[in-house]
1. If you take the Cα atoms of the protein assembly as shown, find Rg, then find the Kirkwood Rh from the mean of 1/r over all pairs, what is Rg/Rh?
2. I need the Kirkwood Rh of region B:66-105: take the reciprocal of the average 1/r across all distinct C-alpha pairs and report it in angstrom.
3. Which translational diffusion coefficient, to the nearest whole µm²/s, is obtained for chain A from the Stokes-Einstein equation, given a Kirkwood hydrodynamic radius over C-alpha pairs, 37 °C and 0.692 mPa s?
4. Cα-based Rg of region B:15-87 per 2.2 N^0.38 Å, rounded to two decimals?
5. Among B:93, B:37, which comes first, second and so on when ranked by fewest other beta-carbon atoms within 10 Å?
6. Cut-off is 10 Å between beta-carbons; in what order do A:10, B:39, A:31 appear when sorted fewest neighbours first?
7. For B:108, A:50, which order do you get if you count the other beta carbons within 10 Å of each Cβ and list the fewest first?
8. Would you mind pulling out the separation of the Cα centroids of region A:35-102 and region B:53-83, in Å?
């Protein structure tokens, strides 16, 4: 089944404890992206990647890191999480490198709470 | 800068009534428009998209949207809603030459019996 998977689905952690949220897609998509969703703010892009070893900042990259060593994986790293990073996170992928015309396929989401 | 405005944060409606969810975007020469739906506790899935051609676009689950370039709008409509349409709906825009998708803040559609 074609899908985007994220792990973990739920995570409660403490301020400053490094964490990684994994994202994997099995559709051979070039483009991958991370979003955070907050009530009243919609989805905001954190980082995106147009191909292996190519990443770029989205609208809200502060406090996050990403890497794209393999085409299928795009982990999101929080080196020192803070409470304002409590949010619902979505990974997405698209077959369209330029994205402009392409549909994005979303993962099920990761709900992160930082205390 | 790209921007999308969804004018209503919440739209309550009775089952079998028609509904329109409004979306306006910042003007550009070449624009691509999308509507996504998010059911409770799920990720987003594409409802429909406008890339070019006919301004009336039909999507899944009986939804349609009309691209209006002069008014920079892309409103979503359904002639008769079901309880199962209760979800949050997001309008999104991308522009030729850019690699990002900008989302609106979402409209919660609440369908009651």
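Bear in mind that the values in this text are calculations on the coordinates, not laboratory data. The shown structure was predicted, so the numbers you read here are calculated from the model rather than taken from an experiment. Please note: Cβ atoms are built from the backbone with ideal geometry, for glycine as well, and neighbour counts cover all protein chains shown.
1. Details: Rg = 17.5 Å, Rh = 18.1 Å.
Checking Rg against Rh, the ratio lands at 0.97.
2. Details: mean 1/r = 0.0796 Å⁻¹.
Value: 12.6 Å, from the Cα pair sum.
3. On the way: Rh = 14.0 Å.
My calculation gives 235 µm²/s for D.
4. Values: Rg = 12.7 Å, N = 73, 2.2 N^0.38 = 11.2 Å.
Its radius of gyration relative to the 2.2 N^0.38 Å reference: 1.13.
5. B:37, B:93
6. Numbers: A:10 9, B:39 13, A:31 22.
Ascending Cβ contact count within 10 Å gives the list A:10, B:39, A:31.
7. Values: B:108 15, A:50 18.
Listing B:108, A:50 from fewest to most nearby Cβ atoms yields B:108, A:50.
8. 29 Å
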